Each structure stands twice: as C-alpha cells, then as structure tokens.
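Please read the structure below before turning to the comments.
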Amino acid sequence: MKLKALFLLLIIIPILSGCWSKKELNDLALISALGIDKNDNGEYVGTFQIINPGNVTGGTQGGGGGQGPSVSVYSSTGKNLVEMSRRKRRRDQ
C-alpha cells in the first residue's frame with residue numbers, strides 16, 4: 001500500500017506544478033522587428049518593434065481589439081549589442 005501511494009505521489013507532483021511559473025501572453029514582449037545601426041559616436045543603436053498582444057485580437061476571437069496601437073517602437077544605444085539590449089530591458093522594468 002505504501003509503495004502504491006509513493007508511486008502515485010511521484011506521478012502527481014510534476015503534473016500539479018506544471019503552471020507554477022507561467023506567463024500570460026499579455027505580459028510578454030514579442031519583438032517582431034529589430035534594426036541595428038551605428039551612430040556618429042560609434043555606439044550601436046537598436047530599434048525594436050514590439051507587438052502589444054492585448055491590442056491585436058480581432059472581433060472573430062471574441063475580443064474587439066485594444067484601445068491602443070498593436071505595435072510599439074522603442075530605441076536603445078550601447079557600446080555593444082549586449083549593453084544595448086540590457087539598457088532597453090532596464091528601462092522597461
């Protein structure tokens with residue numbers, strides 16, 4: 001009996017924790033376009049086009065669309081690509 005209970009417990013625990021760290025689609029930033037240039041100072045300039053998922057849904061899916069634009073455009077600079085990405089991410093938080 002104890003062996004059955006232990007086996008059942010080992011099978012159920014991973015299933016119950018499946019959505020522990022889930023993220024909703026509205027909480028994610030989906031980059032649909034990325035442009036990288038260099039400015040006069042030699043720094044990289046990144047321009048990101050990010051989809052706003054809550055504003056994209058159409059009327060056929062039960063939503064009427066959002067009140068704002070379906071995409072947003074942001075820009076960030078840095079000495080290298082990693083710094084450029086981190087600076088953008090730091091401003092969003």
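The values are calculated or read from the model by the stated rules, or taken from the named source; none is laboratory data. This structure is a prediction, so every number in the text was calculated from the model and none was measured. Heads up, the Cβs are rebuilt from the backbone with ideal geometry, glycines too, and the neighbour counts pull from every protein chain shown. Note: accessible area is taken over every heavy atom of the protein model, side chains too, but ligands, DNA and RNA are not part of it. Shrake-Rupley method; radii C 1.70, N 1.55, O 1.52, S 1.80 Å.
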Anything in region 12-45 that is open to solvent by 100 Å² or more (accessible area, probe 1.4 Å), at pLDDT 90 or above and among the acidic types (Asp, Glu)? List them, or say none. ASP40
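Give the residue that is farthest from the chain's Cα centre (by Cα), with candidates limited to residues of region 1-45 that are outside any loop (DSSP other than H, G, I, E, B) and hydroxyl-bearing (Ser, Thr, Tyr).
If we filter region 1-45 for residues that are outside any loop (DSSP other than H, G, I, E, B), which is where we start, we get 2-16, 25-27, 30-38, 44-45.
From what's left, hydroxyl-bearing (Ser, Thr, Tyr): 32, 44.
Numbers: SER32: 11, TYR44: 22 Å.
Ranking the qualifying residues of region 1-45, first place goes to TYR44.
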How many residues, within region 46-56, are open to solvent by 70 Å² or more (accessible area, probe 1.4 Å) and either in contact (Cβ under 8 Å) with a residue 60 or more places away in the chain or part of a strand (DSSP E or B) (or both)? 0
Residue check: is GLN61 modelled with pLDDT under 85 and open to solvent by 40 Å² or more (accessible area, probe 1.4 Å)? yes
